[in-house]
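Derivation of every value follows stated rules applied to the coordinates shown; laboratory data play no part. Quick caveat, the model's predicted, so the values are computed rather than measured. No Cβ is skipped: glycine too gets one built from the backbone with ideal geometry, and neighbour counts run over all protein chains shown.
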Amino acid sequence: MSEADTKAASPPEEAKDERVRQISPLRKALVRPELGSICGVILVFVFFFLIARDSGMFSPEGIQNWTVVSAQFAIIAVGACLLMIAGEFDLSVGSMIGFSGIIIAMMSVTYEQPMWLSIIVAFAIAMGIGWLNGFLVIRTGLPSFIVTLAFLYILRGLTIFLARVTTNKTIIGGVRDAAEGDWLAAIFGGKILTGFFQWLADNGLIDKFVAGNRAGEPVVDGVPMLVVWAIGLIIFGHILLTRTRFGNWIFASGGDAQAARYSGVPVNRVKILMFMFTAFCATVFATCQVMEFGSAAADRGVLKEFEAIISVVIGGALLTGGYGSVIGAALGALIFGVVQQGLFFAGVESSLFRVFLGVILLLAVILNTYIRRSITGER
Amino acid sequence: MTATNRDKATAPVLELKSIHKAFGGVVAVEDFSLDLHAGEIVALVGDNGAGKSTLVKMISGVHAPTSGSISLDGEAVSFADASVARAHGIEVVYQDLALADQQPVYMNMFLGRETVRGPLKLLDRKAMMRETQALVDELDVRIPSAKAVIRDLSGGQRQGVAIARATHWAKKLILLDEPTAALGVAETAKVEDIVRTLRARNIAILIISHSLDQVFRLSDRICVLRRGVQIGVRETARTDKNEIVSMITGVG
């Protein structure tokens, strides 16, 4: 009797209430997290093409210049991106970069250990700290903002302390000599495809130096390992996130940890592993930088944690977790690198870099949020 | 058919015997016994704090009973945690649904148990979408598509997805903890239809509800709890609301 009543009442109600609607392909394209960063990339390239076309920004050396800077941002952005999608932050990334760099230089130069051992130890310690970050966040239930803010200070302080008690300096040089011929150091320093670039130069496709001690060598003599790492990490992060079960668990852990737990997702393990991956990325950055500069300094990596987070947010990720894209974060890093170096090429006062960055961050996030809302009708 | 086979066929899907649960000095459930058969809907009713949710959590493996036994298909089981109960074919639809908002329907359907293929164990999205679509069609859960994001769905649609997920994985038993508490009239009717579909598929269902109207519409039997004590079990067809209300409140 009452069953018949509800049955009779339901069809017209349903049509109104269930809001079954079709999603157009355009709408689907527009709600992708990468939207803001794709627009940003186009905008930034058009802008610099107009104002800095003749400055050499788009010559082979110019391209290498901003590619390397973008790759640096991308390496830490990939880690920060996966961690943010898993629902957590790591503010200790910048301090981790300084810390890992000093560990490598201290072990290899001051204590004359083999370079490969120094690098492995740096990775082990950094990832151990990443684990500790994650463990503390999970165990205490405190926001990762607070826990990793503590490590921002702890690690920076320890870095300066270690450098000063062992060498009485805050910069440790001589790494390049110590890395000479080391198999593991070659994976972080150096370049690949050098033969190809030599061939390009021999065929007049790129310029050669005409004077100085590098005369006859091509102006761009290979792809730096830093760029290879960035591309590798982007591909790894993207596939992990979008093509594997673990990637789905990352989304679920950040989107709704309780729901994920009820569904049998090992949320704690996912989050701790993402803290460790972020630490891994920071150490890749540190190692590449130490190899490139031939030295480590206690103040390296300052503000990198925020630059990583900005790249990720420009890339469309939600600060609250559960939503985002590695490709978006990589594009965010590209915007970052192009703006930083573009201002230099355009001859703009370099101190304005941070002003531009803040403005771009704001614009990208407003664009992301506004478009998403206007299309999905969210409030 | 041999005697043992017949026993197996008639053995209850779920058999709770003298279940007792205490949290420290507080007794949450006292001497609770209930049989649940395939294709049967039993409603668990009682006021707040009667021990209904504690009971569900014992069956789903979240809590272990202090004493007493839980049997599935006539075999005693003990669940170390929720995933073990799931492996035994028990699914729970929680009041707060346990869906990830930013994820599409098909990913929620397979969350924690994703379909993978190939040596690299990459996600088989197509297979998951196909299965999800077949499932929501079968249960008549009307959603835009299997790719729709949970955030874009209405309360009824979400509940439909949560129940469809439970249906997909449940081999024997589904526990519904106030599945329509947050829903409107039409959506509630929809969920009730789905529950009836499940009964027709020979799944045993234990439903907690505060709506006696709903309990009388859906259930075959009603089990009343009051302050941890099992007051009684009635066949729905042979009782009325007055009797159930007085059993719940202890008045009259």
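Helix-only estimate, please: 222 nm mean residue ellipticity of chain A, summing -39500 (n - 2.57) across DSSP H runs of length 4 or more and dividing by its residues, to the nearest 500.
-23000 deg cm²/dmol
Residue by residue through segment A:70-77, which ³J(HN,Hα) values in whole Hz follow from phi under the Karplus form 6.51 cos²θ - 1.76 cosθ + 1.60 (θ = phi - 60°), with glycine and proline marked x?
For segment A:70-77, the Karplus-derived couplings read 4, 5, 4, 4, 5, 4, 7, 5 Hz, x marking Gly and Pro.
For chain A, what is the relative contact order in percent, using Cα pairs closer than 8 Å and at least 6 residues apart in sequence?
Dividing the mean separation by the residue count of chain A yields 35 percent.
What is the angle, in °, between the Cα long axis of helix A:326-345 and the longest principal axis of the Cα atoms in chain A? Nearest 10 is fine, range 0 to 90.
40 degrees
Nearest 10 degrees, 0 to 90: what angle lies between the long axis of helix A:2-17 and the longest principal axis of chain A (Cα atoms)?
Roughly 40 degrees, rounded to the nearest 10.
Mind checking A:235-242 for the average number of partner chain beta-carbons within 10 Å of each residue's beta-carbon?
If you average over the peptide's residues, the count of other-chain Cβ atoms is 1.
For a quick protection proxy, order the peptides B:194-201, A:93-100 by their average other-Cβ count within 10 Å, most packed first.
Packing proxy ranking, top to bottom: A:93-100, B:194-201.
Putting +1 on Lys and Arg Cβ atoms and -1 on Asp and Glu Cβ atoms, find which of B:119, B:212, A:168 reaches farthest to the positive end of the dipole of the protein assembly as shown.
B:212
Taking H as built 1.01 Å from N, whose amide H comes closer than 5 Å to the amide H of residue A:207, not counting residues under 5 places away?
A:219
Round to the nearest 0.05 the FRET efficiency obtained for residue B:126 and residue B:243 when R0 = 51 Å and r is the Cβ-Cβ distance.
0.45
Beta carbons within 10 angstrom, averaged per residue: use that to sort the peptides A:262-273, A:36-47, highest first.
Result, highest mean first: A:262-273, A:36-47.
Please report, in debye to the nearest 20, how large the charge dipole of the protein assembly as shown is about its Cα centre when each Lys and Arg carries +1 at its beta carbon and each Asp and Glu carries -1 there.
Numbers: 58 positive and 56 negative charges, 48 e Å.
Once rounded to the nearest 20, the dipole reads 220 debye.
Which whole-angstrom value gives the distance between the alpha carbon centres of segment B:165-184 and segment B:42-114?
10 Å
Distance cut-off 28 Å, Cα to Cα: go down the list B:52/B:190; B:21/B:190; B:57/B:172; B:147/B:190 and report the pairs above it.
Numbers: B:52/B:190 24 Å; B:21/B:190 35 Å; B:57/B:172 17 Å; B:147/B:190 21 Å.
Beyond 28 Å between Cα atoms: B:21/B:190.
What does the structure give for B:99-108 when I average, per residue, the other chain Cβ atoms found within 10 Å of the residue Cβ?
6
Rounded to whole Hz and in sequence order, give me ³J(HN,Hα) for segment B:69-78 from the Karplus expression 6.51 cos²θ - 1.76 cosθ + 1.60, θ = phi - 60°, writing x for Gly and Pro.
In residue order, the calculated couplings are 10, 10, 10, 10, 6, x, 10, 5, 10, 9 Hz.
Please compute the average number of Cβ atoms from other chains found within 10 Å of each residue's Cβ in peptide B:109-115.
Other-chain Cβ atoms within 10 Å of each residue's Cβ, averaged: 6.
Under a Cβ-Cβ cut-off of 15 Å, what is the net charge of the residues other than residue B:113 that fall near it, where Lys and Arg count +1 and Asp and Glu count -1?
Summing Lys/Arg as +1 and Asp/Glu as -1 gives +4.
Among the DSSP beta bridges whose two residues both lie in the protein assembly as shown, what percent are antiparallel, rounded to the nearest 5?
Close to 60 percent.
Using a Gaussian network model of chain A whose springs link C-alpha atoms within less than 10 Å, name the residue from A:307, A:112, A:88 with the highest mean-square fluctuation.
Top of the fluctuation ranking is A:112.
Take each of the peptides A:274-281, B:211-218, average the number of other beta-carbon atoms within 10 Å over its residues, and list them starting from the highest.
A:274-281, B:211-218
Quick one: net charge around residue A:110, please, counting Lys, Arg +1 and Asp, Glu -1 for every other residue with C-beta under 14 Å from its C-beta.
My count for the surroundings of residue A:110 gives 0.
For every other residue with a beta carbon closer than 13 angstrom to the beta carbon of residue B:28, add +1 if it is Lys or Arg and -1 if Asp or Glu, then tell me the sum.
My count for the surroundings of residue B:28 gives +3.
For segment B:101-169, what is the relative contact order in percent, using Cα pairs closer than 8 Å and at least 6 residues apart in sequence?
It rounds to 42 percent for segment B:101-169.
From the backbone phi of segment B:212-227, what are the Karplus-calculated ³J(HN,Hα) couplings (6.51 cos²θ - 1.76 cosθ + 1.60, θ = phi - 60°) in whole Hz, Gly and Pro given as x?
5, 4, 5, 4, 6, 5, 9, 7, 8, 9, 10, 10, 10, 10, 9, 6
Relative to the longest principal axis of the C-alpha atoms of chain A, give the angle of the C-alpha long axis of helix A:115-140, reported between 0 and 90° and rounded to the nearest 10°.
On a 0 to 90 degree scale, this one is about 30.
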